[in-house]
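First up is the structure itself, then whatever we jot down about it.
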Amino acid sequence: MHPLDFRTTNSLWASVMVETLVREGVTHAIISPGSRSTPLTLALATHPQVEALPILDERSAAFFALGLARRSHWPVVLVCTSGSAGANYFPAVIEAAESGTPLLVLTADRPPEMRACASGQTINQHHLFGDFAVWFHELAVPEASVARLAYARQTVRQALRHAARGPVQLNVPFRDPLVPQADGSTAGLETELDDAFFVQPEVVVTRSAGVRWAHRPTTARGLIIAGPALPKDPGAYADHVLAFAEATGWPILADVLSPLRHYATGAGTVVANYDVILRDPATARDLTPRYVVGLGAWPTSKVLRAWLEQSQAETLLVTDQPGSRDALHGRTREIEAPVEALAVEGPAIPDPTYRTAWIAAAQRVGPALLGDETPLFEGDVTSVLADSLPDGAIVCVANSMPVRDLEYFWPANDRKRRVFFSRGANGIDGTLSTALGVAQGGEPVVLLTGDLALLHDTNGFLAAAQLRGSLTVVLINNAGGGIFEHLPVAQYDPPFEAFFATPQRVEFARLCAAYGIPHTLITYRAELAECLAGVPPAGVRVLEVPTDRKRDVAIRKARLAKAAKAGRG
């Protein structure tokens with residue numbers, strides 16, 4: 001069967017685009033319903049090698065695609081109709097840009113003669129996402145000629161090359177008719193558009209061996225700070241960093257969003273509790289480094305970032321993301337390279353005192369963070385997850401308080417879990433939809449989220465019927481924005497409660513019922529542990545843990561203060 005649709009010029013144009021995508025390795029497309037995108041939708045929905053999913057809400061669709069691309073490390077196609085539809089993709093495009101996630105956004109459009117004349121569902125879609133798209137191009141209006149179809153083919157290939165760095169927008173105008181009723185416009189092209197039309201010449205590309213850190217270690221007071229990272233092979237990533245630590249003799253401070261926290265096979269090397277340790281001024285002063293190697297982005301911990309800024313230590317920041325990633329503006333040399341390209345020349349410094357001090361402090365802090373409050377304290381939800389989830393589990397975490405509790409209460413371990421996150425722009429947009437995308441077609445996923453983040457994306461539940469996988473939502477419901485309780489503005493009430501904490505009284509059991517999602521109310525540790533011990537192989541469920549926002553803020557502050565004091569020794 002010929003992979004192309006010759007019934008109309010539009011159907012041929014769209015099928016050439018889709019066949020090119022498939023031959024370049026694209027396998028997933030998320031489609032938002034609409035009319036102007038009909039040729040693209042039909043071409044993607046009928047191609048046997050594309051998994052095309054219709055998702056009603058454009059914002060949810062975009063975040064679903066984001067999660068899928070993040071999991072697969074490969075471009076996912078997004079398709080929408082003309083007008084304001086594409087604008088709803090913007091929050092996900094921003095996150096994709098800031099995190100380097102590959103997305104190819106195909107915004108269908110009216111042809112030029114229908115623009116700037118009050119034609120319905122028509123806006124200026126050129127550069128719709130501004131600088132957040134790493135590349136933009138508007139395709140020509142479809143023509144039934146080999147030359148123009150070759151141009152469409154090559155432009156799609158070019159777009160995919162750019163999409164390896166982040167989101168790309170292709171604006172795709174179509175004239176009527178949009179449906180593929182044969183009109184004879186492509187007559188004679190069947191013989192010219194054969195398999196050879198899509199074959200690319202083989203090119204041998206020689207890449208450099210990568211960057212080597214040429215400096216010899218000159219101090220035992222050096223640190224390796226492993227920030228958030230989502231490498232394709234987290235085990236190999238962790239092994240390389242652990243070997244680097246062994247070569248330098250330096251400790252690793254591992255963010256919970258780094259594979260190092262979850263592949264911590266190097267006993268006496270990986271420190272998980274640095275945020276708490278550094279809350280004690282005397283300890284922070286004693287542990288001031290002289291040299292820092294940062295991997296990826298800077299960690300979630302505000303305490304750590306402030307401490308690094310004050311230290312003025314010489315810093316080498318290694319990241320595979322383009323542009324400056326050093327928001328601290330320190331004495332930093334930035335290298336754009338994969339972490340695996342980093343190496344050390346010269347012998348390690350033999351004095352292990354500095355690393356030993358870090359490890360000893362971490363060992364004192366860990367037990368001091370534990371508690372037995374009933375009902376469940378928010379931070380202990382994280383502890384239950386860490387204790388109960390099986391080896392190799394996949395966790396998604398929402399921003400605001402959940403990711404910070406993960407940082408505080410998730411210990412270093414070697415249980416090889418993977419944590420997915422949206423720390424590009426650090427927003428709560430699309431939390432549920434992103435987790436659904438991560439869960440699509442893979443192992444079961446557990447999402448840890450607060451109530452406001454979930455409410456911000458409840459239309460994500462509409463995609464539950466499309467899910468080919470399993471998602472368990474662990475919902476911490478503290479009736480508002482708990483993170484704001486930790487900020488100075490909490491002292492100003494009113495208007496704090498109404499305008500910052502934004503209390504809500506949603507009955508999540510009823511909300512879940514409206515979407516047909518199973519819901520369970522959880523009060524005690526044992527209940528949560530039991531539910532997590534048997535993760536279902538398919539479907540979506542919500543485990544709701546109601547908490548007291550004011551009470552838990554006090555508990556969290558008390559625990560962190562107690563643990564910081566314990567770290568002093």
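Evaluation of VAL438 against the conditions (1) open to solvent by less than 50 Å² (accessible area, probe 1.4 Å); (2) under 23 Å from GLU378 (Cα atoms) shows that the sole unmet condition is (2). Among the residues of this structure, THR20 counts as one that is modelled with pLDDT of 95 or more and in contact with a Lys or Arg (Cβ under 6 Å, 6 or more places away or on another chain).
Can you tell me which residues in the range 543-558 are crowded, with 20+ Cβ neighbours inside 10 Å and in a helix (DSSP H, G or I)? The answer is ARG549, ASP552, ARG556. For the range 242-258, filtering for residues that are more than 20 Å from GLY366 (Cβ to Cβ) and touching a residue at least 40 places away in the same chain (Cβ under 8 Å) leaves 6. Considered as a group, the residues in the range 248-291 that are among the charged types (D, E, K, R) and either touching a Cys at 6+ places or on another chain (Cβ under 6 Å) or not in a loop (DSSP other than H, G, I, E, B) (or both) include one that is most open to solvent (accessible area, probe 1.4 Å), and that residue is ARG285. Residue-level check: of (1) under 30 Å from ARG279 (Cβ atoms); (2) in a helix (DSSP H, G or I); (3) out of contact with any helix residue (DSSP H, G or I) (no Cβ under 6 Å at 6 or more places or on another chain), ILE483 misses just (3).
Table: residues versus (1) more than 13 Å from ARG261 (Cα to Cα); (2) touching a Phe, Trp or Tyr at 6+ places or on another chain (Cβ under 8 Å).
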position: LEU385; (1), (2): yes, yes
position: CYS396; (1), (2): yes, yes
position: MET401; (1), (2): yes, no
position: TYR408; (1), (2): no, no
position: PRO411; (1), (2): no, no
position: PHE421; (1), (2): yes, no
position: ASN426; (1), (2): yes, no
position: ASP429; (1), (2): yes, yes
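The residues of the range 1-48 that are under 14 Å from PRO142 (Cα atoms) and among the small types (Gly, Ala, Ser), listed by number, are SER11, ALA14, SER15, SER37. Only one of the listed residues (VAL179, VAL146, VAL141, VAL134) is under 22 Å from THR101 (Cα atoms), among the β-branched types (Val, Ile, Thr) and either in contact (Cβ under 8 Å) with a residue 12 or more places away in the chain or open to solvent by less than 40 Å² (accessible area, probe 1.4 Å) (or both). That residue is VAL134. Within the range 332-343, the presence of a residue that is more than 20 Å from LEU257 (Cα to Cα), free of Cβ contacts under 8 Å to residues at least 60 places away in the same chain and open to solvent by less than 30 Å² (accessible area, probe 1.4 Å) is excluded.
Yes/no matrix, rows are residues, columns are (1) buried (at least 16 other Cβ atoms within 10 Å of the Cβ); (2) within 19 Å of the chain's Cα centre (by Cα); (3) in contact (Cβ under 8 Å) with a residue 60 or more places away in the chain:
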position: GLY442; (1), (2), (3): no, yes, yes
position: LEU448; (1), (2), (3): yes, yes, yes
position: ALA463; (1), (2), (3): yes, yes, yes
position: ARG541; (1), (2), (3): yes, no, yes
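Within the range 116-131, being open to solvent by 50 Å² or more (accessible area, probe 1.4 Å) and in a loop (DSSP other than H, G, I, E, B) holds for ALA116, CYS117, ALA118, GLN121, ILE123, ASN124, HIS126, HIS127.
Does ASP372 satisfy the condition of being free of Cβ contacts under 8 Å to residues at least 60 places away in the same chain and either part of a helix (DSSP H, G or I) or open to solvent by 10 Å² or more (accessible area, probe 1.4 Å) (or both)? Judged against the criteria, ASP372 is a match.
The values are calculated or read from the model by the stated rules, or taken from the named source; none is laboratory data. For clarity, every value in this text was computed on a predicted model and none was experimentally measured. When we count neighbours, we look across all protein chains shown, and the Cβ atoms used for this are built from the backbone with ideal geometry, even at glycine. Accessible surface areas use protein heavy atoms only, side chains included; no ligands, DNA or RNA. Shrake-Rupley method; radii C 1.70, N 1.55, O 1.52, S 1.80 Å.
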